[in-house]
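The values are calculated or read from the model by the stated rules, or taken from the named source; none is laboratory data. A quick note: this is a predicted structure, and the numbers were derived from the prediction, not measured. Cβ: placed from backbone, ideal geometry, glycine included. Neighbour counts: every protein chain shown. The accessibility values were calculated without ligands, DNA or RNA, using every heavy atom of the protein model including side chains. Shrake-Rupley method; radii C 1.70, N 1.55, O 1.52, S 1.80 Å.
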Amino acid sequence: MTPDTRPVILTGDRPTGPLHLGHYAGSLKNRVALQHSHRQYLLIADTQALTDNADDPDKVRRNILEVALDYLAVGIDPAATTICLQSALPALAELTLLYMNFVTVARLERNPTIKTEIVQRGFGRDIPAGFLCYPVAQAADITGFKAHVVPVGEDQAPLIEQTNEIVRRVNRQAGRELLPEAAALIPEVGRLPGIDGKAKMSKSQGNAIALSASADEISHAVRQMFTDPGHLRAADPGRVEGNVVFTYLDAFDADRAEVENLKARYRQGGLGDMVVKRRLEDVLQALLAPIRDRRARHADDLGYVMDVLREGTALARATTQATLDDVRAGLGLFALT
Ligand code: TRP
């Protein structure tokens, strides 16, 4: 057998709710595109989800199969991609413990993602230690698979940077290239705003379109969508920047020339919001209908989804344990033989 020399991808999602169009544009699309040219692992990060949901483990547990369904629905092929469950990979917890010694509390407190999330979650001064340290656990996720590429949204970039700092320190201590540095793969379209125009699409903000949205929910969301508040009549010139309908067309409409044509006409005046929204609705309905159908088919056979998760996790357990063995040796732990 020839060795697998493809670069390794590891990325993951917290199972706290259904995945939505923001996840699709930010990462899922890249994962589907790269799953054959790369050796890909997808981690359902339930232990990370507990770092701010320890009081609601039910929510996390309920959403594990939902996330797996979303993966299968968008076209993740379990024959190519390994889907696995974080809490069933004890080597990741042990790597986290070892990596804790290669990061300072001050550095964790300075992590921009963590800083933003602490405010969003209203922790004040009562930050769970598990939450503050989740970037270390995420470094364990990424390096546990010796990943080279991490497809994520741009809000995750500081976590990849943090991972690479840990990698360099661990490698220096080991005196060799024990772990590879990882590159974040961030989509060019940038972060997808919510339908209300707020900076981020998120279920908790109620401004998301779920991948499992019904045709009616999609229509409703597009009708509600934020455009240019100054564009009162179709005849008026309108703004394309910050106009969510155009941001979504940029992200999802394959016909670039037509989008540019619509933008020009909108800027000039004479093109109504309804016309542009109708086009976006067509684009989103066409994108999401097959995803919704595939999801429904798999939801009827959860035994299969469980099998995928069980087999993927068994494989991932071996991969991450092998990395842990390397790291333990590299860091000079006592080998009890
Ligand atoms: N922090 C990521 C998020 O909130 C989820 C995640 C967990 C992840 N482990 C990861 C992403 C490893 C990339 C790599 O979306």
Has the range 237-260 got any residue that is over 30 Å from LYS200 (Cβ atoms) and out of contact with any Asp or Glu (no Cβ under 6 Å at 6 or more places or on another chain)? no
Candidates ALA289, ALA316, filtered to the one that is loosely packed, with under 15 Cβ neighbours inside 10 Å and in a helix (DSSP H, G or I): ALA289
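Would you tally the residues in the range 132-154 being in a helix (DSSP H, G or I), more than 7 Å from the ligand (Cβ to nearest atom) and open to solvent by less than 10 Å² (accessible area, probe 1.4 Å)? Full working, then the answer.
Pass one, the range 132-154, residues in a helix (DSSP H, G or I): 132, 134-144, 154.
With the extra rule that they be more than 7 Å from the ligand (Cβ to nearest atom), the set shrinks to 132, 134-137, 139-140, 143-144, 154.
Remaining after also requiring open to solvent by less than 10 Å² (accessible area, probe 1.4 Å): 134-136, 139-140, 143-144.
Total meeting the criteria: 7.
Has the range 42-60 got at least one residue that is β-branched (Val, Ile, Thr) and more than 11 Å from the ligand (Cβ to nearest atom)? Spell out the reasoning first.
Of the range 42-60, the ones β-branched (Val, Ile, Thr) are 44, 47, 51, 60.
From what's left, more than 11 Å from the ligand (Cβ to nearest atom): 60.
Within the range 42-60, one or more residues are β-branched (Val, Ile, Thr) and more than 11 Å from the ligand (Cβ to nearest atom).
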Looking at the range 223-238 only, could you name the residues that are open to solvent by 80 Å² or more (accessible area, probe 1.4 Å) and among the charged types (D, E, K, R)? ARG223, ARG233
Looking at (1) in contact with a Pro (Cβ under 6 Å, 6 or more places away or on another chain); (2) without any contact (Cβ under 8 Å) to a residue 60 or more places away in the chain, which one does VAL119 not meet, given that it meets all the others? (1)
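Any idea which of LEU280, LEU185, LEU179 is open to solvent by less than 30 Å² (accessible area, probe 1.4 Å) and assigned by TED's automatic domain parsing to the domain that holds HIS23?
Details: LEU280 fails: assigned by TED's automatic domain parsing to the domain that holds HIS23; LEU185 fails: open to solvent by less than 30 Å² (accessible area, probe 1.4 Å).
The match here is LEU179.
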Run GLY197 past the list (1) touching a Phe, Trp or Tyr at 6+ places or on another chain (Cβ under 8 Å); (2) surrounded by 18 or more Cβ atoms within 10 Å (Cβ to Cβ) and report the number of the one that doesn't hold. (2)
Out of (1) hydrophobic (A, V, I, L, M, F, W, C); (2) surrounded by fewer than 21 Cβ atoms within 10 Å (Cβ to Cβ); (3) not in a helix (DSSP H, G or I), what's the single condition that is false for MET274? (3)
Count, please, the residues in the range 200-221 that happen to be open to solvent by less than 40 Å² (accessible area, probe 1.4 Å) and among the hydroxyl-bearing types (Ser, Thr, Tyr). 2
Within the group ILE118, ILE166, ILE114, which residue is hydrophobic (A, V, I, L, M, F, W, C), more than 28 Å from LYS203 (Cβ to Cβ), more than 9 Å from the ligand (Cβ to nearest atom) and surrounded by 14 or more Cβ atoms within 10 Å (Cβ to Cβ)? ILE166
